[in-house]
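In what follows, a single structure is set out as structure tokens and then discussed.
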Amino acid sequence: MSIDLITPPDRFVSLHSHSTFSTFDGLGYPSDHIDFVLSESQGMDAWALTDHGNGNGLAHAHSHAVKMQKAGKKFRQIYGVEFYFVPSLDQWTEDYSAHRQAIKDAKTAAAAEKKSKEKIIIDADDESGGLVIEDEDESKKIDILKDEWKRRYHLVVTARNRKGLNNLFVLVKKSYKDGFYRYPRIDFKMLKEHGEGLHVNSACLGGIFSNRILRGVAHDKSRDEIQKDLLNLTDRFTDAVGIENFKLELQFNKLNKQHVVNDYLIEHHKLTGIPLISTADSHYPSNDKWQARELYKKLGWLGKKDNLTLPAFEDLKCELYPKNAQQMWDEFLEGYKEHDFYKGNELLVKESIERTHDIVWNDFEDTWIDVSAKLPTITIPNKTPFKHLSDLVKNSLVTEGLHTNKEYVDRAKYELSDIKYLGHEAYFITMYEIFKKAETKTLFGAGRGSGAGSLVNYLLGITQLDPIPYNLLWSRFLGRHRCLDEDTYVISECGKKKIKDVSEGEKVLTHTGQYRKIIDKAVTQHDMAVEIKFNGRKIICSPNHRWIVNRNGNEVETMACHLQKGDKLIRLDRDK
């Protein structure tokens, strides 16, 4: 079919993208990329973040995605990582150990050869470690003759659902814990063990598929032999994550090797039925940021590489910004004119672009980690939580010799009354158990913020400071009468907000550790407002507003409606 008769693709989501969290390789925060993707010029409704070897930017992406969704925009954030991959970590470790032994033997031989004054140069392959910096030139050039232990292939892995996201984080953790040598690595074994809920595509020129293709071509292998190598890889990937969750990744740029890879991947699709997808492999947030990104890359290699001059735009081999469907098609057309193998495969390429959108909206879910606090349920036989808490406090009063001191007993009763009223008994019991366990492992500080004003905290061992001698106030920490004004901060799913800025239907963190929806929000007006002069300014507050005053030389907590003539106002009874 003539290319002119084919309607360009009308939808696309790049399942391969980088941000500034790809050190010295990507540019721009995830929010910058998302804003560009959602801009009128791009008109897209989803985006995947797949930084090199880490998930450091995923929380940033999630936060901004939620913000966009709450603003009424249709948008789906996809969470992923472009992992560094080797087929077998066991084999890699064995090869690396042999390399290290060879270096050790060479050094031993050099030391023994005392008569020789000639300096012996040993290739240690720059084993100094340091930042994990992606070398794009190395990835794109692919030294096919490099020792196998020096290799690290790219592999794009994204989470389809909550289980996949959890497994994604497990793989990141294991890549650093079990597979780290200058770069964190995963292998087939790890991928199969934690493959549920994951989607994998074969990545760029730095991927193992590209390597097997280009290595085969360099060694004059036949197409059948190369396809046999690719089939072996395909079988292992589909075994790890399922045949429906593995895709062959096409990219379009001015690198001749990329089109060689595309040729073989299209053929492999025809032989195996493994679907093709196309990706933009974006590294900066908009098409005008290419020069800033080139400069950023050079900064990462100062003192380590020569020829660090910035290229001209016309010399760029890859334009790596978040493209939309039309821009992907236009880039394909540039290669189409120069490479005959695309003839007859035009519809396959169009489908590979549109398929990404279908995958994201049909196979993926809106997901994120469960950030709610997981407090254990502690049950005491034949006791209510409040009875158990009261017994703990009473026993501690006796142990400390304070059970005959009326001031301490009254204060303990007062605090326990508020705790019961607010339903926080289980929280205090949980904290007691945590600190009882922790004191066998570590040392504590004297207090925990306003919690140091609680006698119950002190008696339970949660704090180490007796609040009574220092006139520390329970009400600074907790109390049934504490009021919230419009400038009080709460924790929402999008971060810290003032009460006046949250909306009905939005979720906020409650005292139980769970996020719950705001059902209603209202301001209560009081007919009997109290007018007070404080530090030379007039304050109007509700009758039950709590104040701390100096009354006859004593600090007293009282409601505004109970203020007496002569009281000296000290402060509002609320955390600033």
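The values are calculated or read from the model by the stated rules, or taken from the named source; none is laboratory data. Owing to the predicted nature of the structure, the values given are computational and were not obtained by experimental measurement. Note that we place each Cβ from the backbone using ideal geometry, even for glycine, and neighbour counts take in every protein chain shown.
Considering Phe237, Phe252, the condition of being in a loop (DSSP other than H, G, I, E, B), surrounded by 20 or more Cβ atoms within 10 Å (Cβ to Cβ) and touching a helix residue (DSSP H, G or I) at 6+ places or on another chain (Cβ under 9 Å) is satisfied by Phe252 alone. Of the candidates His64, His18, His60, the single residue that is modelled with pLDDT of 95 or more and out of contact with any helix residue (DSSP H, G or I) (no Cβ under 7 Å at 6 or more places or on another chain) is His18. How about the range 336-355: which of its residues are closer than 20 Å to Leu15 by Cβ and either at pLDDT below 95 or touching a helix residue (DSSP H, G or I) at 6+ places or on another chain (Cβ under 9 Å) (or both)? Once the filter is applied, which keeps residues that are closer than 20 Å to Leu15 by Cβ and either at pLDDT below 95 or touching a helix residue (DSSP H, G or I) at 6+ places or on another chain (Cβ under 9 Å) (or both), the range 336-355 yields Leu348, Val349, Lys350, Ser352, Ile353, Glu354.
Filtering Ala438, Ala452, Ala426, Ala412 for residues that are under 25 Å from Ile378 (Cα atoms), under 33 Å from the mean Cα position of the chain (by Cα), hydrophobic (A, V, I, L, M, F, W, C) and buried (at least 18 other Cβ atoms within 10 Å of the Cβ) leaves a single hit, Ala426. Please determine, by comparing only the residues of the range 66-89 that are exposed (fewer than 13 other Cβ atoms within 10 Å of the Cβ) and in contact (Cβ under 8 Å) with a residue 12 or more places away in the chain, which one is farthest from the chain's Cα centre (by Cα). Result: Ser88. Restricting the range 179-195 to residues that are assigned to a loop (DSSP other than H, G, I, E, B) and free of Cβ contacts under 8 Å to residues at least 40 places away in the same chain, which is farthest from Leu168 (Cα to Cα)? Ranking the candidates gives Phe180 first. If the requirement is being of a type outside the set (Asp, Glu) and in contact with a His (Cβ under 6 Å, 6 or more places away or on another chain), which of these qualifies: Leu333, Leu255, Leu320? That would be Leu320, the only listed residue that is of a type outside the set (Asp, Glu) and in contact with a His (Cβ under 6 Å, 6 or more places away or on another chain). Criterion applied to Tyr321, Tyr342 was being surrounded by 14 or more Cβ atoms within 10 Å (Cβ to Cβ), hydroxyl-bearing (Ser, Thr, Tyr) and under 17 Å from Asn262 (Cα atoms), and the one residue passing it is Tyr342. Restricted to the range 401-420, and to residues there that are closer than 18 Å to Gly479 by Cα and small (Gly, Ala, Ser), the residue that is modelled with the lowest pLDDT is Ser417. When restricted to residues that are surrounded by 15 or more Cβ atoms within 10 Å (Cβ to Cβ) and either among the polar types (S, T, N, Q) or under 18 Å from Asp330 (Cβ atoms) (or both), the range 9-30 contains 10.
Elements of the type helices (runs of 4 or more DSSP H) sitting completely within the range 303-416 and holding at least 3 residues that are more than 30 Å from Asn253 (Cβ to Cβ): these cover 385-399.
Restricting Pro381, Pro376 to residues that are in contact (Cβ under 8 Å) with a residue 40 or more places away in the chain and either within 43 Å of the chain's Cα centre (by Cα) or surrounded by 12 or more Cβ atoms within 10 Å (Cβ to Cβ) (or both) narrows the list to Pro376.
Screening His403 on (1) more than 25 Å from Ile378 (Cα to Cα); (2) touching a helix residue (DSSP H, G or I) at 6+ places or on another chain (Cβ under 6 Å); (3) crowded, with 19+ Cβ neighbours inside 10 Å; (4) free of Cβ contacts under 8 Å to residues at least 60 places away in the same chain shows it passes everything except condition (3).
Criterion first (under 19 Å from His283 (Cβ atoms), polar (S, T, N, Q) and outside any loop (DSSP other than H, G, I, E, B)) does Ser19 satisfy it? Against the criterion (under 19 Å from His283 (Cβ atoms), polar (S, T, N, Q) and outside any loop (DSSP other than H, G, I, E, B)), Ser19 does not qualify. Consider Pro9 carefully, then state whether it is at pLDDT 95 or above and in contact with an Asp or Glu (Cβ under 7 Å, 6 or more places away or on another chain). It is true that Pro9 is at pLDDT 95 or above and in contact with an Asp or Glu (Cβ under 7 Å, 6 or more places away or on another chain). Considering the range 503-515, and only residues there that are surrounded by 12 or more Cβ atoms within 10 Å (Cβ to Cβ) and either among the small types (Gly, Ala, Ser) or more than 24 Å from the chain's Cα centre (by Cα) (or both), the residue that is modelled with the highest pLDDT turns out to be Gly513.
Scanning the range 535-568 for residues that are in a strand (DSSP E or B) and either within 17 Å of Asn471 (Cβ to Cβ) or at pLDDT 80 or above (or both) returns Arg546, Trp547, Ile548, Val549, Asn550, Arg551, Asn554, Glu555, Val556, Glu557, Thr558, Lys568. In the range 163-171 there is no residue that is over 27 Å from Val217 (Cα atoms), outside any helix (DSSP H, G or I) and touching a helix residue (DSSP H, G or I) at 6+ places or on another chain (Cβ under 9 Å). Among the candidates Ser63, Ser39, the residue that is without any contact (Cβ under 8 Å) to a residue 60 or more places away in the chain, surrounded by fewer than 24 Cβ atoms within 10 Å (Cβ to Cβ) and either in contact with a strand residue (DSSP E or B) (Cβ under 9 Å, 6 or more places away or on another chain) or at negative phi (or both) is uniquely Ser39. Per the listing Phe252, Phe209, the residue uniquely out of contact with any Cys (no Cβ under 6 Å at 6 or more places or on another chain), of a type in the set (Phe, Trp, Tyr) and under 27 Å from Glu148 (Cα atoms) is Phe209. Among residues of the range 259-302 being in a loop (DSSP other than H, G, I, E, B) and among the polar types (S, T, N, Q), the one that is surrounded by the most Cβ atoms within 10 Å (Cβ to Cβ) is Thr279.
When Val398, Val393 are checked against the criterion of being modelled with pLDDT of 95 or more and surrounded by 18 or more Cβ atoms within 10 Å (Cβ to Cβ), a single residue qualifies: Val393.
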